[in-house]
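Structure first, then comments.
Values quoted throughout were computed directly from the atomic coordinates according to the rules given, and no laboratory measurement underlies them. Since this is a predicted model, take the numbers as computed values, not measurements. Using ideal geometry, Cβ is built from the backbone for each residue, glycine included, and neighbour counts are taken over all protein chains shown.
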Amino acid sequence: MELSLLDRTRTRSDLPEQAAPGHSIERAVAAEALGYRRFWVAEHHAVPGIASPAPAVLLAAIGQRTSRIRLGSGGVMLPNHRPLVVAEQFLLLEALTPGRVDLGLGRSLGFTAPVREALGRDAASPEEFAREVEQVRDLLAGDGPITARPAAATPPPLHLLATGAGLTTAAQLGLGVVIGGPILHSEDLGAQVGAYRRGFRPHRGSRPHVMLSMDLLVASTDAEARELALPEIWAMVASRVTGEFPPLEDPATIRARDLTAREASRVEQGLATAWAGSAATLRPRVERLVEATGADEVLASGSTFDRGALAASDAAVAELLG
């Protein structure tokens, strides 16, 4: 089983937003040294807590500081872009960092109505999204009515951030899948992945590939790991009120807040299901899920306020699963 890392370029309450992309680059350099297979970055627009609106730009910078680790998007939100532009950006990345580029595609739009209006795009139907994904696939491979350039002899592999109908789309188009979020706790996840594998239609020799995206955080004790998970969980809870993710805050600041009963309940629910714990606690949980799904790869996607603790967790995850 392979192990990779997803970084969302999270901002922190004690630092300027412009520091976050540099932190992502530093994390990528460390991930390469730790032996992670891939380093992926996200796409979010006008979100106070995330400073990564342009994955291709950030990946180009990371490519100049690394030499082996694969670089990709987790993912480019295709409804925000034209398929040709996405294909061209990632073919250019492939030319700059040959043999190291992945393209992960997702379907999400902006978090709030003003952001969606500023992007000028409406939500695509599943059928429209599937057609645009197919266009990107064909443009990367040189199979479209026009040639996206710079053309590549071996185009970047394509992965779909998928659940439900998205798994069917990925299977029909011969793409790998990335599965994360609440669906990881679904009792029928193994059956869904099995259906994806059975329905897979190879494209240019592609094979089924399943990545599980998990917000893994490892510390010496379960209590310490839960404390590391708190900033991200609180950001998720806060976003349900404001509609956007805030910067990560220190756990002590969060604990000092006068939370409503609903907020406190949601925080505790998040902590109860978080992929956070000691190595002894997390290993069997992860192994059970990997076995149930037959996953090929784990995409660790944890984040926390304390950058030193995050670096230590990345090293512990690499030791645990690498």
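What to note about this one:
- Anisotropy class of segment 266-319 from Cα gyration tensor, a/c 1.5 cut: oblate
- Alpha carbon centroid spacing (whole Å) that separates segment 17-48 from segment 118-167: 24 Å
- Of all DSSP beta bridges confined to segment 9-113, the antiparallel ones make up roughly 10%.
- Extent along principal axes [Cα atoms of segment 172-216; Å; largest to smallest]: 33, 20, 11
- Mean shadow area of segment 209-322 over all directions, Cα convex hull, nm²: 7.6 nm²
- Dipole of segment 74-219 [Lys/Arg +1, Asp/Glu -1 at C-beta], most positive-end residue of Leu184, His209, Gly75: His209
- Here the translational diffusion coefficient of segment 64-195 follows from Stokes-Einstein with Rh set to the Kirkwood radius across Cα pairs; for 4 °C and 1.567 mPa s it amounts to 82 µm²/s.
- On the principal axes of its alpha-carbon atoms, segment 14-53 has extents of 32, 21, 11 Å, going from largest to smallest.
- Treating each Cα of segment 52-139 as one equal point scatterer and applying the Debye formula with no solvent, the log10 of I(q)/I(0) at q = 0.24 Å⁻¹ comes out as -1.19.
- Most fluctuating residue given options Arg240, Arg131, Arg257, as computed from a GNM of the chain linking Cα atoms under 10 Å: Arg257
- DSSP bridge pairs, the chain: antiparallel proportion in percent, nearest 5: 5 percent
- Under 5 Å, built H, 5+ apart or other chain: amide partners of Leu217: Ala276, Gly277
- Taking amide hydrogens as placed 1.01 Å from N in the peptide plane, the amide H of Trp40 sits under 5 Å from those of Leu5, Leu6, Asp7, Gly72, each at least 5 positions away in sequence or on another chain.
- Dipole check for the chain: with +1 at the C-beta of Lys and Arg, -1 at the C-beta of Asp and Glu, and the Cα centre as origin, the magnitude is about 600 Debye.
- Based on the Kirkwood approach, the hydrodynamic radius assigned to the chain is 20.1 Å, with every pair of different Cα atoms included.
- Global size of segment 227-292: 13.8, 41 Å for Rg and Dmax (C-alpha atoms, Rg to one decimal, Dmax whole).
- Dividing the Cα radius of gyration of segment 145-221 by 2.2 N^0.38 Å, with N the residue count, gives 1.34.
- Here the dipole of segment 214-284 is about 200 debye; that uses its Cα centre as origin and unit charges on the Cβ of Lys and Arg (positive) and Asp and Glu (negative).
- Rg/Rg_globular for segment 102-164, with Rg_globular taken as 2.2 N^0.38 Å and Rg from C-alpha atoms: 1.31
- Lys/Arg +1, Asp/Glu -1 at C-beta; segment 244-301 dipole; positive extreme among Ser265, Ala276, Thr293: Ser265
- Taking all C-alpha pairs of segment 58-102, those more than 17 Å from each other amount to 29 percent.
- Computed over the Cα atoms of segment 1-109, pair by distinct pair, the Kirkwood hydrodynamic radius stands at 14.0 angstrom.
- Peptide ranges 148-158, 278-288 listed from the most packed, as the mean C-beta count within 10 angstrom indicates: 148-158, 278-288
- The helix-based estimate of mean residue ellipticity at 222 nm for the chain, built from -39,500 (n - 2.57) per DSSP H run of four or more residues and divided by its residue count, is -15000 deg cm²/dmol to the nearest 500.
- Here is the tail figure for segment 191-257: Cα pairs spaced more than 16 Å apart come to 65 percent of all pairs.
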